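In what follows, a structure is listed as structure tokens, so that the remarks can point back to it.
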Amino acid sequence: MSEDEKGNLKLIVRNREDLKVISAYSQDSIVAVKDITFLKKNRIFVMIINRFMWEDIERGINRQSKRIRCALKFEGILKVKSKKINQKNKKKRLECLAIECNEILNNNNEINFFFAGGGVITLISESIEAIMRDLGEAWSVKYTPKHKI
């Protein structure tokens with residue numbers, strides 16, 4: 001994990017444990033359907049999210065709630081499928097709940113992105129290779145996501 005000169009996050013993912021960290025940072029992120037792309041020839045899956053900056057909230061009680069644009073890029077992707085996501089509605093916004101990974105046949109991985117309302121995007125990959133990188137400047141938001149335990 002590293003931060004650049006602006007304090008922006010950059011994480012490199014190589015295994016399931018690293019993916020759990022990305023999942024935590026992605027929780028409550030908002031993504032528009034138009035910002036989800038699978039470059040089949042290059043075997044790359046990219047999602048640009050508006051990440052809620054939980055790390056700022058956790059550093060101090062009176063911190064301002066903020067979001068930042070963030071790129072998630074997965075390499076070595078063999079196949080992508082989705083469930084309960086209307087891909088024609090490009091402006092539809094999805095709220096990311098969690099990212100989980102399971103090993104499946106032939107030592108491949110099944111990486112699932114779970115969204116509020118039951119939507120799921122599943123990546124089938126031959127390895128776990130991903131980067132999460134903040135883009136640009138953060139902005140203040142009025143609402144902090146709340147979770148019922």
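The values are calculated or read from the model by the stated rules, or taken from the named source; none is laboratory data. All values derive from a computational prediction rather than experimental measurement. Cβ coordinates were reconstructed from backbone atoms using ideal geometry, including for glycine residues, and neighbour counts include every protein chain displayed.
Below, the figures for the structure above:
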item: Scan of the range 44-86 for residues that are within 19 Å of GLY118 (Cα to Cα) and in contact with a strand residue (DSSP E or B) (Cβ under 8 Å, 6 or more places away or on another chain), ordered by number; result: MET47, ILE49, VAL80, LYS81, SER82, LYS83, LYS84, ILE85
item: Any hit, the range 115-136, residues being of a type in the set (Lys, Arg), touching a Ser or Thr at 6+ places or on another chain (Cβ under 6 Å) and within 16 Å of MET47 (Cα to Cα); result: no
item: Of all residues making up the range 97-117, the number that are more than 16 Å from the chain's Cα centre (by Cα) and either part of a strand (DSSP E or B) or not polar (S, T, N, Q) (or both); result: 6
item: Residue that is nearest to the chain's Cα centre (by Cα) [pool: residues in the range 122-143 that are buried (at least 17 other Cβ atoms within 10 Å of the Cβ) and under 18 Å from ALA24 (Cβ atoms)]; result: MET132
item: Candidate set: the range 1-23, residues that are small (Gly, Ala, Ser) and modelled with pLDDT under 95; chosen: the one farthest from ASN107 (Cα to Cα); result: GLY7
item: Residue that is closer than 26 Å to THR144 by Cβ, surrounded by 14 or more Cβ atoms within 10 Å (Cβ to Cβ) and more than 18 Å from the chain's Cα centre (by Cα), where the choices are ILE57, ILE85; result: ILE57
